[in-house]
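Down below is the structure, laid out as structure tokens.
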Amino acid sequence: MLSDKINADIKTAMLARQEARLRALRSIKAALLLAATEKGAAEAVTDEKATQVLQKLAKQRKDSMDIYQQNGRDDLYNGEKEELEVISEYLPAQMSEGEITLVLSQIIAETGATSAAEIGKVMPVAMKQLAGKADGKTIQTLLKTLLG
């Protein structure tokens, strides 16, 4: 399970005195513990749920990086970037824009969408089919381009 791997990696990072990696791993572990103790949660966090938690953490880091970069806070930006790199190690590989475009073209054909006004028909299907493989913002941007 992913949580076991993270616990082992925390020990390794502690022994190697890798502070940035350790900080990121601890934040991952904390988020997984919160997910495990949510109301209605199963006893253990499944790998699928853990992936969702990791994607949320990665998105938070990306958003923070954007804000810090806009405000000229390179010190905070670099910290978030280091954490994002560690979090990304545990996420499944993301699809390229070309692969996403191919899948979106098929979904558009299936749903019969013809204009940008019909993104609402395509987006839920695309998000379900590309869950964990592509970022929602990227999917939306490509859909706007395809449906123009």
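Given points 7 Å out from each Cα along the Cα-Cβ axis, report the GLU99 to ILE67 separation in nanometres with one decimal.
Label at GLU99, label at ILE67, 3.1 nm between them.
When we measure straight from the Cα of LYS5, which aspartates and glutamates land under 13 angstrom away, once same-chain ones fewer than 8 places off are left out?
Partners within reach: ASP47, GLU89.
Report relative contact order for the stretch 97-147 in percent, whole number only (criteria: Cα-Cα under 8 Å, sequence separation at least 6).
43
How high is the FRET efficiency from LYS11 to LYS133, r the C-beta distance, R0 35 Å, rounded to 0.05?
That pair, LYS11 with LYS133, gives E of 0.70.
Which entries of LYS62/LYS133; LYS56/LYS81; LYS29/LYS128 have Cα-Cα distances beyond 21 Å here? Mind showing how you got there, number by number?
Values: LYS62/LYS133 17 Å; LYS56/LYS81 15 Å; LYS29/LYS128 26 Å.
Distance filter (> 21 Å) returns LYS29/LYS128.
Name the shape class, rounded, prolate or oblate, that the alpha-carbon gyration tensor gives for the stretch 2-89, where a ≥ b ≥ c are the square roots of its eigenvalues, rounded holds for a/c under 1.5, and otherwise prolate holds if a/b is larger than b/c and oblate otherwise.
Since a/c reaches 1.5 but b/c is at least a/b, the shape of the stretch 2-89 is classed as oblate.
Rounded to the nearest 10 degrees, what's the angle between the helix 2-16 long axis and the longest principal axis of the chain, both from Cα atoms, 0 to 90?
50
Quick one: angle between helix 74-89 and the longest Cα principal axis of the chain, in degrees between 0 and 90, rounded to 10, please.
Result, in degrees: 80.
Can you tally the net charge around PRO92? Count Lys and Arg as +1, Asp and Glu as -1, for every other residue whose Cβ sits under 12 Å from the Cβ of PRO92.
Numbers: positive: LYS133; negative: ASP47, GLU48, GLU89.
Net of charged neighbours comes to -2.
Given the options LYS39, LYS81, LYS121, state which has the largest fluctuation in a GNM of the chain using a 10 Å cut-off (strictly under) for Cα springs.
Answer for the Gaussian network model of the chain: LYS39.
Values quoted throughout were computed directly from the atomic coordinates according to the rules given, and no laboratory measurement underlies them. All figures in this text were calculated on a predicted structure; none of them were measured in a lab. As a convention, Cβ positions derive from the backbone with ideal geometry for all residues, glycine included, and neighbour counts pool all protein chains shown.
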